[in-house]
Amino acid sequence: MTTSFRILSALFLFGAAASAAAQDSALARPLTLGDAARLGARQNASALEARARTAQAAARITQSRSNLLPTISGYAAENGRTFNSATFGVTFPGFDANGEVIGPVNLFDVRAKITETFLDFGALQRLKGARTTARAYGAIAANEAERSAQNAANAYLRAQRADAQLGARVADSVLADSLLAIAHEELRVGVGVALDVTRAQSQFATIRAQLIVARNEQDRSRLDLLRALGQPLTAKVNLADSLTGLVLRDTTINEADAIDLAMRTRPDLRAADEQIRAAEQEVVAIKAERLPSLAAFGDYGYIGRDRLLGTYDWGVQLSIPIFDGLRREGRIEEAKAISNEIDIRRRDLRQQAAIEVRGALLDLKSAKEEADAVREALRLAQQEVAQAQERFRAGVAGNADVFTASLSLNSARTQAVDALSSYQGAKVALARAVGSVTALP
């Protein structure tokens with residue numbers, strides 16, 4: 001077993017053994033967006049499966065190395081046999097010419113055997129290929145961790161959005177309850193009409209239904225978040241910040257720098273690079289099979305019937321491949337075709353990465369502008385409700401204007417939550433595009 005594989009296995013087993021304690025400590029304090037991304041990268045089932053496949057690839061390095069290491073075996077056997085003398089092809093004096101049974105001859109044999117390959121160019125190249133493949137699996141596991149981190153971050157944002165929507169609906173219900181109380185009071189003192197009370201009751205019932213939906217969405221978002229984090233569904237998770245409390249930054253991100261960062265750091269691009277190297281290494285390994293190989297073998301043991309005597313066998317073998325029916329040529333063509341396929345996929349991945357970076361930057365800029373506009377609309381809607389309430393309390397207008405204004409406020413609050421959610425989602429998408437979701441704060 002190689003040192004690297006032992007270290008990788010030890011880390012994997014240690015991580016599995018400490019997962020429960022890590023999960024408890026991760027949720028013991030309020031969770032930030034970056035915490036959710038990193039926890040999802042560590043504990044999500046998809047990320048764990050990818051790391052297990054990486055361990056499998058590391059184990060195949062040891063299997064490939066075994067072709068270059070000595071093979072030692074031993075055996076012990078006892079057997080008996082009889083012979084027909086006529087099958088020897090020679091007539092022995094004292095034996096029936098038509099044949100007769102000789103024996104039985106009973107033998108006991110105990111022996112140790114060792115085989116060592118001194119030189120095998122094909123095995124050497126296959127070992128290099130196994131190492132390259134293991135690195136490719138490591139990059140694939142890193143990409144799966146990034147994807148899991150993105151899913152966890154998006155689940156965190158959905159939970160934040162659900163909290164913000166619930167807060168907006170609570171604020172709407174407080175306003176509706178206040179308007180209903182005012183309508184009842186004015187009707188009681190004789191300055192209001194029953195229609196105002198009916199309007200207020202209808203508005204309150206509508207907001208109450210929206211509040212019920214918002215509470216259900218909050219509960220469901222928590223379940224989705226726990227699953228994305230790889231946590232028990234019975235665990236309690238507290239969010240460290242709210243959607244409305246997150247800062248909208250005006251920092252301008254250079255598109256060329258972001259694309260260059262993506263080309264250097266995205267794990268799926270690194271995985272494609274390593275996969276191409278592994279395919280090219282396979283071509284080299286197959287070609288190396290045409291070269292001679294040198295091996296030595298030997299055994300020593302005791303054999304006999306009543307008296308065991310030591311015997312040995314040894315030799316050096318030089319194998320020279322001559323012709324295998326063009327099988328190697330076919331394997332070479334197949335490996336080259338696989339390399340070409342991966343190269344096509346890599347070029348497409350690089351183009352896709354550039355598009356994702358550009359798209360995320362466009363979405364981020366648009367979401368920032370939309371959030372600023374919606375915030376202004378929210379401020380104006382709040383001002384409209386306040387002015388309509390003043391007119392209603394002063395008795396110069398009915399509560400129809402207040403209801404109209406409150407509906408606008410309800411819509412403005414929802415749009416504000418959606419705009420903030422889109423902005424934070426664009427930030428996560430940009431982090432995923434450049435391969436740095438786990439670095440989110």
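Residues checked against (1) of a type in the set (S, T, N, Q); (2) under 30 Å from Q317 (Cα atoms); (3) crowded, with 20+ Cβ neighbours inside 10 Å:
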position: T133; (1), (2), (3): yes, no, yes
position: Y137; (1), (2), (3): no, no, yes
position: A149; (1), (2), (3): no, no, yes
position: L157; (1), (2), (3): no, no, yes
position: Q165; (1), (2), (3): yes, no, yes
position: R169; (1), (2), (3): no, no, yes
position: A194; (1), (2), (3): no, no, no
position: L211; (1), (2), (3): no, no, no
- Query: Would it be correct to say that I102 is under 16 Å from A134 (Cβ atoms) and either touching a helix residue (DSSP H, G or I) at 6+ places or on another chain (Cβ under 9 Å) or modelled with pLDDT under 80 (or both)?
  - Reply: no
- Among (1) under 30 Å from L211 (Cα atoms); (2) in contact (Cβ under 8 Å) with a residue 60 or more places away in the chain, A360 falls short only on (1)
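For region 353-362, check the following and say yes or no: at least one residue is modelled with pLDDT of 90 or more, of a type in the set (V, I, T) and part of a helix (DSSP H, G or I). Write out each step before concluding.
Here is the first cut: in region 353-362, the residues modelled with pLDDT of 90 or more are 353-362.
Next, from what is left, pick out any that are of a type in the set (V, I, T): 355, 357.
Remaining after also requiring part of a helix (DSSP H, G or I): 355, 357.
There is at least one residue in region 353-362 that is modelled with pLDDT of 90 or more, of a type in the set (V, I, T) and part of a helix (DSSP H, G or I).
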- Restrict the check to region 333-345 and report whether at least one residue is hydroxyl-bearing (S, T, Y) and assigned to a helix (DSSP H, G or I). yes
- Note on the structure: Apart from one, (1) touching a helix residue (DSSP H, G or I) at 6+ places or on another chain (Cβ under 7 Å); (2) of a type in the set (V, I, T); (3) within 30 Å of L119 (Cβ to Cβ) all hold for T54; the odd one out is (3)
- Take the residues of region 388-406 that are out of contact with any helix residue (DSSP H, G or I) (no Cβ under 8 Å at 6 or more places or on another chain) and assigned to a helix (DSSP H, G or I): which is surrounded by the most Cβ atoms within 10 Å (Cβ to Cβ)? E390
- Any idea which residue in region 216-244 is nearest to the chain's Cα centre (by Cα), counting only those that are surrounded by fewer than 14 Cβ atoms within 10 Å (Cβ to Cβ) and assigned to a helix (DSSP H, G or I)? L223
- Matching residues, region 315-332, being in contact with a helix residue (DSSP H, G or I) (Cβ under 9 Å, 6 or more places away or on another chain) and either part of a loop (DSSP other than H, G, I, E, B) or over 19 Å from V284 (Cα atoms) (or both): P321
- Query: Are any residues in region 319-354 among the aliphatic types (A, V, I, L, M), more than 27 Å from S293 (Cβ to Cβ) and surrounded by 12 or more Cβ atoms within 10 Å (Cβ to Cβ), and if so, which ones?
  - Reply: I342, L349, A353, A354
- Residue that is nearest to L31 (Cα to Cα), among those in region 171-192 that are among the acidic types (D, E) and surrounded by fewer than 21 Cβ atoms within 10 Å (Cβ to Cβ): D177
- Might you let me know whether region 113-128 holds any residue that is among the hydrophobic types (A, V, I, L, M, F, W, C) and closer than 30 Å to R432 by Cβ? no
- Item | Positions within region 57-88 being touching a helix residue (DSSP H, G or I) at 6+ places or on another chain (Cβ under 9 Å), among the polar types (S, T, N, Q) and farther than 22 Å from G298 by Cα, in sequence order | T62, Q63, S64
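The values are calculated or read from the model by the stated rules, or taken from the named source; none is laboratory data. What you see is a predicted model, and the numbers here were worked out from it, not measured in a lab. No Cβ is skipped: glycine too gets one built from the backbone with ideal geometry, and neighbour counts run over all protein chains shown.
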